[in-house]
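Report on one structure; see the data block that follows.
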Amino acid sequence: MNNHEKQPFVFQTKEGLTVNLIKKPGYHQFLASLTARFGSLTTTMMINENQQIIIPAGTAHFLEHKIFDKKDGDALIRFTELGADANAFTGPNQTTYYFTATSRVLENLAWLMDFVQEPYFTEEKVVRERGIIEEEIKLYQDDPAWQLYQGIIGLLYPQSALSQYIAGTKNSLQEITPDLLYQIHAAFYQPENLVLTVVGDFDTSELMAFIKNQQGQISSQKETVFVPKEDLAKQVSFAAQKKQGLSLEKGAYGLRLPSRPETISGIERVKEILLGELALDLVFGDQTAWFQDVYDQGIFGDDFDYEYSNFGPYQYLTFFADGEKQDQVQESLTKRLAEAAAVLAESQTDFNRLQKALAGQTLASQNRPDRLGLDEDLALYGVSLFDKMNLITRFCLDDVVECGKRLFEGGRLTRLVLEK
């Protein structure tokens, strides 16, 4: 087995498209994803250093939908005709289009590369899409989980791009036009800003030649674009409650942390995220005596959840808990955060076990084409599951303790409660 069968074989076409080929001998399923490094957090761009263009909330998500709309119909129909399942999703920093198939894989791959990079927008189709997404927004506004997450982010990062709903608002959708979509596509959907990942059993040399030839046939318009750094406003409110008419109260708690330096490398960012997840599990995981105690007291239930987020200028912790004892939830979290450093320092046994579990999960993920092909860190930072496996196995408790100093020392816990 040669080296690129064990990890992504990476190359660039002469047009600038980055390609990851992940060979999985014996696999029948073939997955390919094409990611644009453009998501909901990009709200402004400068063209030729003097023309500022405001990107309305929801534009990345709107563009994702309209990319599928072609002059001859829906691009999904063509995938169906070729025997493939296709879809797309938009995140804070990316928009990804992908398909899975077991046959006619080169035809599907050619179509993926073509339809994403050759847009077709009309006023009629844009107007129709506004109505569709407005209905989608209404559905989410009735979802308590969505209200909870958006609400706590709005408290942590007021007036930020992250606090805006990824689908936008009724007003922001009115500002999206075909001309704007063409401008954004020219700025962010060009080869230099795209990453193609292919997972399956293939001849690497033949597939490499096919991709280079296919990309060479696709026309592109290149804009010189600059994205200004987002300046985050200070947090001004640390508590809120909303009447939601629920049968059971829901609480969200957040801790805004200092932004990471812009100069941090992709591998360092991923390392911080992995260490942060381990630190949270060691302090708040259901294996801890602390959790068993608050669970037995009825303060927390099986729904208790937590997350560490670290991307762009954003770095924060979130906790979620249902129930009528939200004051006790807040008190328990605050006390646990204060003792977190001491807890981590005494967690060698738990660390050894969680490290092995995380390594096992990462190893198992390498046998799933979807986890390999849709890996956000690979698309954004060039850090694969194979790289993450190497990082995880080299961690020691001191690394987690040091990470804990950044996550748990200082800051004020923010609270949002959706009431009955």
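A few notes on this one:
- Gained length - residue 305 relative to residue 262, 0.36 nm times residue gap less alpha-carbon distance: 12.6 nm
- Helix 178-188 vs. the chain, principal-axis angle (Cα, 0 to 90°, nearest 10): 80 degrees
- Sulfur and carbon atoms: percent of accessible area, segment 54-110 [1.4 Å]: 51 percent
- Heavy-atom accessible area per residue - the chain, 1.4 Å, Å²: 47 Å²
- Residue-level accessible surface for residue 114, protein heavy atoms, 1.4 Å, Å²: 40 Å²
- For Rg and Dmax of the Cα atoms in Å, the candidate list reads (1) 22.9, 65; (2) 23.0, 69; (3) 24.5, 86; the entry that matches the value derived from this model is (1).
- Separation of the alpha carbons by more than 23 angstrom is noted, of 271/356; 335/356; 23/388; 243/325, for 335/356.
- A viscosity of 1.002 mPa s and a temperature of 20 °C, combined with the Kirkwood radius over C-alpha pairs in the Stokes-Einstein formula, give segment 369-420 a diffusion coefficient of 148 µm²/s.
- Rounded FRET efficiency, nearest 0.05, which uses the C-beta distance separating residue 103 from residue 233 and R0 of 51 Å: 0.45
- Pairwise Cα inverse-distance average, inverted: Kirkwood Rh of segment 111-172 (Å): 13.9 Å
- Neighbour cut-off at most 13 other Cβ (10 Å), DSSP loop, GluC sites (Glu not before Pro), segment 216-263: 262
- Diffusion coefficient of segment 239-284 by Stokes-Einstein, Kirkwood radius over Cα pairs, 25 °C, 0.890 mPa s: 174 µm²/s.
- Over segment 74-195, the reciprocal of the mean inverse Cα-Cα separation, the Kirkwood hydrodynamic radius, stands at 16.8 Å.
- Summed residue charge, Cβ within 14 Å of residue 98's Cβ, Lys/Arg positive, Asp/Glu negative: -3
- Considering only 318, 102, 224, the mean-square fluctuation computed in a Gaussian network model of the chain, springs between alpha carbons under 10 angstrom, is largest for 224.
- Share of pairwise Cα separations in segment 285-420, more than 25 Å, in percent: 40 percent
- Segment 208-276 and segment 344-384 have Cα centres spaced 20 Å apart.
- Accessible surface of segment 164-293, 1.4 Å probe, proportion on carbon and sulfur as whole %: 48 percent
- Helix-only [θ]222 nm of the chain, DSSP H runs n ≥ 4, -39500 (n - 2.57) each, per residue, nearest 500: -14000 deg cm²/dmol
The values are calculated or read from the model by the stated rules, or taken from the named source; none is laboratory data. Predicted model, so just to flag it, every value in this text is computed and none were measured. Note: ideal-geometry Cβ built from the backbone for every residue, glycine included; neighbour counts use all protein chains shown. Areas reflect the complete protein model, heavy atoms only, side chains present, ligands, DNA and RNA absent. Shrake-Rupley method; radii C 1.70, N 1.55, O 1.52, S 1.80 Å.
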